[in-house]
Every structure is written in C-alpha cells, then in structure tokens.
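Comments concern the structure below.
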Amino acid sequence: AAAPAPLLALALALRTLNCFLVQTSFVPDEYWQSLEVAHRMVFKYPSPAANYGYLTWEWTSSLRGYSYPLIFASMYKALQLLAKDNVQLLIWVPRIAQAMLAAFADVQLYSLVQHLENSETAKFVFFCQLCSWFTWYSCTRTLTNTMETILTIFALSYYPIKGSKMGNSCKYLALVALAIVIRPTAVIPWIPLVFSHFLQEQRKADLILHTCIPVGLVTVGTSLIIDRVFFGEWVLVQLNFLKFNVLQNLGTFYGSHPWHWYFTQGLPVILGPHLPFFIHGCALAPRRFHIFLLPVIWTVLVYSTLSHKEFRFIYPVLPFCMIFCGYSLKHLKAWKKTAASFLLLSNLVPALYTGLVHQRGTLDVMSHIQQLCNNSQQSQAFVFILMPCHSTPFYSHVHCPLKMRFLQCPPNLTGNDSYVDEADVFYSNPLGWLNKEFYNDTLLPSHLILFNVLEQEIASFLALRGYEKTATVFHTHVPQGRVGSHISIYRRKTEMNY
C-alpha cells in the first residue's frame with residue numbers, strides 16, 4: 001500500500017515552507033562543497049583572468065567527487081539555457097529541490113512503518129519526523145549530509161526486514177552505494193544492516209555475485225567517469241577521503257572533541273525534545289525493531305573514535321530514532337495529546353530560532369555584495385572578506401565576475417612543522433598584516449567585510465585609508481571568538497565613490 005496522497009501533499013507543502021523559513025547558515029560545506037563547485041562547473045568564465053569561481057583545497061587535492069555538485073550544476077545549466085540564471089533562482093532552486101526530496105523521504109518513512117506495524121504507528125512516526133527541529137534546520141540545505149540522510153531513508157524502505165514485503169536487495173544496495181558515492185561516510189550506518197542482511201540471507205553467493213558486485217561496479221564506475229570528466233584524470237575520491245579523514249586523521253585541524261561528545265551533546269542536541277520519547281520507545285519496541293537501533297549505536301560509537309566531531313555527522317541516524325519516538329507516542333495512552341502538543345511546541349522554538357535568527361548575517365551580507373554587480377563600476381570593485389575563512393558563500397550567491405577575496409585556511413598538507421594558514425597569520429596581528437599586504441594604496445580593496453569584533457583593532461587602518469562604514473548586518477546573539485554579533489561593511493571613499 002502506497003502512502004495516501006494527502007500525506008504527500010502535506011509533506012511537500014510543509015517542506016516548501018520549511019525551505020523558505022531557513023535563512024541562516026549552518027556550516028561552510030553547504031555552499032563550498034556543492035553550490036560553489038556547481039557554479040564553477042557551469043559558469044566558469046571564458047578567460048581565466050576573470051577568476052570566476054573558486055574551488056577549496058579538498059577539490060584541488062581530489063578528496064571530493066563531482067557526483068553531488070553535478071545535481072546542482074544540471075539545475076544551473078537548465079536555468080542558463082532558459083536565460084533565467086538570476087542570482088535569486090540560483091540560490092533558491094537547489095534548496096527547493098532538496099526540500100522536495102526531503103518531503104518524499106518523510107512519506108517513505110511513513111510507508112515503511114505502515115508496512116511493518118500499522119497506519120496508526122506510521123502516523124506518529126511521520127508526526128515525529130515533521131516535528132524534529134534538527135531535521136527542519138538541516139533537510140533543505142545543500143549539504144552532503146542531507147543527501148546522505150535522504151538516501152538512507154529511501155534505502156531503508158527497501159531493506160529486507162523480517163515481516164516486510166517491500167524488501168528489494170538490488171534497490172536498497174543501489175541507494176546505499178549512491179549515498180556512499182556522495183559521502184563515503186554513508187557506509188558507517190549501513191555496515192551493521194548489510195551484515196545482518198547477509199547473515200539471514202539464504203542464498204549468500206547469489207547476493208554477492210548477482211547483486212552486490214554488479215551494483216558496486218555500476219556505481220563506482222559511474223562515479224569514476226564523472227570525476228574523470230571534471231578532474232581531467234582518473235581519481236578514486238572515496239579512497240582519498242578515507243585516507244585523509246581516517247588514516248591521517250587530518251580532520252583534527254578543524255577542532256577536536258572528547259570521545260563522549262556524541263553521547264553527552266551530539267545526540268541529545270539533535271534529538272532535542274524527542275530524547276525522552278526516543279529512550280521510552282527503545283525500552284518499549286518489540287525485538288524486530290532492534291535492527292533500527294543497531295545503526296544508531298554503531299554510528300555514534302564509530303564517530304566517537306574520530307577526534308573531529310560535528311552535529312551533522314550523525315544526522316543520518318535521526319530518522320532511525322524517529323521510528324522509536326513514534327512508537328513511544330503511540331503507546332502513551334492517556335498522555336498522547338499532551339505529549340504530541342509538547343513535541344510540536346517545544347521543537348517550534350529551536351526550529352524557528354535556528355532557521356531565522358541564529359547565524360543569518362553571513363547570508364544577508366551577500367545581498368549587499370550582489371548590489372555591486374548592477375553597478376557600472378563593477379570592474380573597479382574589489383571585495384575583501386576579512387572573516388574566518390569560508391564564513392560566507394561566494395560566487396554562487398553573487399553570480400557576476402566581481403573581484404573577491406577571502407582569508408585562506410587550507411590544512412597543513414605539506415607536513416611542514418612551522419605551517420600557519422593565512423587566516424591565523426592575519427588574526428595574530430590584523431593591523432600589521434593589513435599594512436604589509438596593502439603597502440600600496442592602488443592595491444586596496446574597495447569594500448571590506450568584517451565581524452564587529454575586529455573593528456577596534458584595525459580602526460587606525462580604516463581611518464587612514466579612508467574607509468567608511470556603509471552597513472551593519474545582524475549575525476548572531478552568541479558571538480564567539482573571531483565571530484562577532486554583527487557584520488560591518490566598509491567602503492573606501494574615492495573620487496569615483498561606488
């Protein structure tokens with residue numbers, strides 16, 4: 001039985017609203033590993049001198065594959081062919097597409113539980129999924145973690161669980177393989193599930209020879225060809241990714257956390273108000289549901305061994321958790337309505353706050369930069385973003401060959417012991433760095449963009465070089481370190497004054 005049409009309509013409407021009510025930035029990867037790459041693939045300017053588009057060090061080191069950005073590049077190409085490639089559409093079309101996929105995944109989760117249990121339990125799981133503040137915050141973003149989560153739900157609905165008639169080895173393995181191509185870490189939650197499937201499979205040799213090997217060859221082959229086209233050479237990015245993140249553990253460059261972080265902070269935060277229901281659901285659920293708990297525990301354990309930890313890394317196990325939350329809700333006899341109202345209201349606050357308020361400045365500031373494109377002096381404009389690197393999106397949110405620069409921060413790939421990245425060098429002595437970098441007035445940027453925490457330190461440089469503040473943009477209520485509460489935009493006063 002397919003999920004009822006009104007359910008899909010509801011999910012599509014809600015996720016579209018969700019998309020437009022998320023106007024904040026989460027992590028740089030949602031632009032730099034998807035939209036920026038796609039923008040460069042499609043709109044790479046004819047002359048290299050125009051420097052239109054930018055690839056981060058992961059791409060120059062072949063750590064990422066082009067399969068995921070290709071999805072957005074095809075949308076950009078379609079917009080370009082229709083002569084509709086204005087900057088607003090370039091920003092919103094990929095997000096809306098991601099929202100549509102999220103809606104289908106929500107309904108797929110409903111169908112899965114309906115098959116395993118009944119419509120009533122399925123409705124509660126669906127309700128929990130739609131209520132989840134972290135899903136709301138993440139599911140419409142152009143992040144590989146989001147696509148990994150969506151594909152995991154799709155794959156799960158074809159996974160051969162005892163008592164399910166929807167099982168299809170070929171379909172679920174193909175979806176898992178696709179998720180791994182997009183983000184190699186997608187293999188983690190699936191290790192216990194594939195292993196468990198293998199153990200209960202009667203025809204083991206058939207499964208390996210007729211399903212696993214063909215699916216693996218087709219996906220790896222396709223991924224290899226796509227990357228060959230865009231890198232210009234044969235490269236197995238998944239291997240490089242694992243080598244870098246696991247064997248060399250260079251991810252620690254971006255910060256490290258204690259081993260217990262996912263247990264004490266990671267999982268409790270992304271579950272939010274769902275946490276007590278998840279625990280109750282785990283205690284209550286019948287044995288056949290334990291298969292869904294396996295990937296949750298295993299994934300959290302595996303990620304706990306890596307020193308660099310982030311909330312989004314465990315996002316793919318959130319749908320598994322929702323199955324238990326829904327199960328818990330359904331079995332609350334007298335408190336059902338109260339519990340449902342509590343879940344809805346308590347998730348609403350973090351969902352709206354993180355979606356509309358927290359960390360919105362780095363996106364809002366892009367509309368100020370966009371205005372320089374309409375200007376006849378575009379060729380003279382030069383924007384320098386003096387913020388922690390990759391704080392803002394880049395050309396995908398400007399869409400004109402404006403001269404722009406930001407502070408660089410590639411990790412130490414050379415093994416040089418005294419290595420310090422450009423951003424760190426700058427922050428160790430901002431004033432000295434600026435005076436040295438712009439010793440000649442002809443080199444000065446026309447616009448500087450910086451967090452307000454930096455203003456006092458470089459005030460003398462700004463005054464001496466004739467910069468005036470033209471706008472202040474709110475960013476966050478919880479400034480930390482180099483990140484201020486507001487972003488200041490400075491323009492250099494010149495005779496031409498643009």
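Observations
- Among beta bridges identified by DSSP and lying wholly in the range 360-492, the antiparallel ones come to about 60 percent.
- Sum of side-chain charges, Pro319 neighbourhood, beta-carbon under 13 Å (Lys, Arg +1; Asp, Glu -1): -2
- Annotation for Leu199 and Trp335: the two label points, set 7 Å from Cα along the Cα-Cβ direction, are 3.4 nm apart.
- On the beta carbon distance between His290 and Asn440, with R0 = 60 Å, the FRET formula returns roughly 0.30.
- The listed peptides 182-191, 313-322, 166-175, ordered by packing as a protection proxy, come out as 313-322, 182-191, 166-175 (highest mean of other Cβ atoms within 10 Å first).
- Per residue, the convex hull volume that the Cα atoms of the chain enclose (Å³): 161
- Global form of the range 243-372, assessed from the alpha-carbon gyration tensor, a/c cut-off 1.5: oblate
- Mean separation of Cα contacts under 8 Å (6+ apart) over length of the chain, as relative contact order %: 18
- Length-normalised contact order of the range 1-151 in % [C-alpha pairs under 8 Å, at least 6 apart]: 34
- Nearby lysines by direct alpha-carbon distance to Lys123 (threshold 17 angstrom, same-chain neighbours under 8 apart not counted): Lys330, Lys333, Lys336, Lys337
- Antiparallel %, DSSP beta bridges [both residues in the chain], to 5: 60
- Signed unit charges on C-beta, dipole axis of the chain, positive-most listed residue Leu79, Tyr66, Pro6: Pro6
- No disulfide-compatible partner, judged by a Cβ distance under 4.7 Å, exists for the following cysteines of the chain: Cys19, Cys131, Cys139, Cys170, Cys212, Cys282, Cys321.
- Calculated FRET value between Asn118 and Ile225, using beta carbons and R₀ = 35 Å, to 0.05: 0.20
- Diffusion coefficient (Stokes-Einstein, Kirkwood radius over C-alpha pairs, 20 °C, 1.002 mPa s) for the range 360-492: 138 µm²/s, rounded to a whole number.
- Debye, to nearest 20: dipole size of the chain, +1 on Lys, Arg Cβ, -1 on Asp, Glu Cβ: 1260
- Cα gyration tensor shape for the range 423-479, rounded if a/c is under 1.5, else prolate or oblate: oblate
- The slack in the chain from Leu89 to Ile297, taken as 0.36 nm per residue of separation less the alpha-carbon distance, amounts to 70.9 nm.
Only the coordinates and a few stated rules stand behind these numbers; no lab work does. Note that the coordinates shown come from a computational prediction; the quantities given were computed from them, not determined experimentally. Using ideal geometry, Cβ is built from the backbone for each residue, glycine included, and neighbour counts are taken over all protein chains shown.
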